[in-house]
Amino acid sequence: MYEGSDVSKSRRARLLPYVFGGITGISVALVILAAVLLHRNQVATEPVTGTAPAYAAAGMQGAGSAASPSIETSRHNAIVAATREVAPSVVSITATYRVRTRPMYDMFWNRYYPGQTRTQTTQGSGFIIDKQGYAFTNYHVIENAERIQLTLSDGKQYAAKLVGAAPTYDLALLKIDGDNFPAAPLGNSDDLVIGEWAIAIGSPFGSYLADVQPTVTVGVISANHRDIKQDENSQQIFNDMIQTDAAINPGNSGGPLINADGAVIGVNTLIFSGGTGANVGMGFAIPINRVRRVYDELVHYGRVRDVWLGMTASDMSPEVQAALDLPSESGVLVQSIEEGGPADKAGLRPGDQIIAINGTKVQDRAHANRLIFGMGVGDTLELTINRKDKLLTVKITLAERPKQI
């Protein structure tokens, strides 16, 4: 009896781990099954994001409408909104002109051989700034053009006429017949913030594209008030430009540079390629406030009036500083004053040393010209001058240059 009891206890002891193991396994399986069912229930009842196109294609509008708000929030940002605001006003420009070619193999016959005439075209971009059909582009896009054609983003084409040009600023104002055109809102280039979004819109490499939809590139405002040469051998200096790393390529010239509010802040003009011929992240645009001034001048006067100070000035030098016993070598020295001119009316005298213009310290004559660059007739300059060791403030109102000068 006692032996049987011991055997029974021994068997129960051996079976006990298997019983507990089985119970534990069943419990774990039930927990996993419950979790899977709960997850499937949540997936069936909660909105599914990112699948709206698939549901819409299958005709499941309920699921699609539930997913759309999340997609709209993430994709339709300020850059998208700004692009939609300005893109309809962007135009593609084709300028046509004729060139005469002559053979180079015989200099004698070249005198009498009339040569051949062939047609060439240049392409660029522009944007409409007025519902009546005024549009801006770069002067170098339409220079010497005999025929100018504008193509809107909807594919409509118009013959454009040149209202006027400002080669000094590389700007040209065009006009197409009609009304109620989409006009781009203009911003303020005087309050740009370094690092804010910059969006370039235009038609780069337009001859290679099969449609007329404008191209959009995005970057930031990299710098303000840049003076730049297009290459090291160029004599022309583009003064007071906006620098951006938004991709600007051939064909973008004349198109708008806009901010995240959908307002034009500049006219895309050139790139610095470093000799590669390609974009290296340094593009430059003409500030829109200068464009506004050119627009007003061309519409009201048919030209951009040259400003006149009525004085001449020279760079300082150690010899001049020592001879005149001046306190510093910086600034410019007034040499002559034209009687009755703006400088004369303001009280400037020969021998005055101009130290600052509108609060900016003047380095030399070239710097002084850059500080005045872009100002128009009627604007006022505030000059800080040194006259016999006395600092004076003189205000000059710019006038139009007389025709005889």
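Inside region 335-367, residues that are touching a residue at least 40 places away in the same chain (Cβ under 8 Å), farther than 18 Å from G378 by Cβ and of a type in the set (A, V, I, L, M) make up a count of 2. Of the residues V291, V307, the single one that is in contact with a strand residue (DSSP E or B) (Cβ under 9 Å, 6 or more places away or on another chain) and modelled with pLDDT of 95 or more is V291. On the basis of being in a loop (DSSP other than H, G, I, E, B) and of a type outside the set (A, V, I, L, M), does R370 make the cut? In short, no.
Scanning region 373-382 for residues that are surrounded by fewer than 16 Cβ atoms within 10 Å (Cβ to Cβ), part of a strand (DSSP E or B) and not acidic (D, E) returns a single hit, T380.
Conditions (1) of a type in the set (S, T, N, Q); (2) in contact with a helix residue (DSSP H, G or I) (Cβ under 9 Å, 6 or more places away or on another chain), marked per residue:
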position	(1), (2)
S328	yes, yes
D344	no, no
G351	no, yes
R370	no, no
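Among residues of region 242-259 that are not assigned by TED's automatic domain parsing to the domain that holds P167 and outside any loop (DSSP other than H, G, I, E, B), those with a beta-carbon under 8 Å from a residue that is surrounded by fewer than 23 Cβ atoms within 10 Å (Cβ to Cβ) and basic (K, R) at least six positions away or on a different chain give the pairs I242/R226; Q243/R226. Considering only residues in region 331-367 that are among the small types (G, A, S) and in a loop (DSSP other than H, G, I, E, B), the one that is nearest to the chain's Cα centre (by Cα) turns out to be G359.
In region 141-159, which residues are within 24 Å of the chain's Cα centre (by Cα) and either in a strand (DSSP E or B) or crowded, with 18+ Cβ neighbours inside 10 Å (or both)? V141, I142, I148, Q149, L150, T151, L152, S153 - these are the residues of region 141-159 that are within 24 Å of the chain's Cα centre (by Cα) and either in a strand (DSSP E or B) or crowded, with 18+ Cβ neighbours inside 10 Å (or both). Quick one: would you say D344 is of a type in the set (D, E, K, R), over 30 Å from Y295 (Cβ atoms) and modelled with pLDDT of 90 or more? Yes, satisfied. Of everything in region 352-398, what is small (G, A, S) and either farther than 18 Å from Q335 by Cβ or in contact with a Ser or Thr (Cβ under 9 Å, 6 or more places away or on another chain) (or both)? Give them in sequence order. Residues satisfying the conditions are A356, G359, G374, G376, G378. Would you please name the residue that is surrounded by the fewest Cβ atoms within 10 Å (Cβ to Cβ), looking only at residues in region 311-329 that are outside any helix (DSSP H, G or I) and out of contact with any strand residue (DSSP E or B) (no Cβ under 7 Å at 6 or more places or on another chain)? Per the stated criteria, the residue is D325. Does region 186-198 include one or more residues that are free of Cβ contacts under 8 Å to residues at least 12 places away in the same chain and farther than 12 Å from V91 by Cα? The answer is yes; a qualifying residue exists.
Taking I385 as the residue in question, decide whether it is modelled with pLDDT under 95, in a strand (DSSP E or B) and either in contact with an Asp or Glu (Cβ under 8 Å, 6 or more places away or on another chain) or outside the structural domain of D296 (by TED's automatic domain parsing) (or both). Yes. Can we say D179 is free of Cβ contacts under 8 Å to residues at least 24 places away in the same chain, of a type in the set (D, E) and surrounded by fewer than 19 Cβ atoms within 10 Å (Cβ to Cβ)? It is false that D179 is free of Cβ contacts under 8 Å to residues at least 24 places away in the same chain, of a type in the set (D, E) and surrounded by fewer than 19 Cβ atoms within 10 Å (Cβ to Cβ). When A184 is tested against (1) outside any loop (DSSP other than H, G, I, E, B); (2) crowded, with 22+ Cβ neighbours inside 10 Å, exactly one condition is not met: (1). Scanning region 289-310 for residues that are outside any helix (DSSP H, G or I) and on the phi < 0 side of the Ramachandran plot turns up R303, V304, R305, D306, V307, W308, L309.
The values are calculated or read from the model by the stated rules, or taken from the named source; none is laboratory data. Model, not experiment: these values are computed from the prediction. Because the Cβ atoms are built from the backbone with ideal geometry, glycine has one as well, and the counts that use them run over all protein chains shown.
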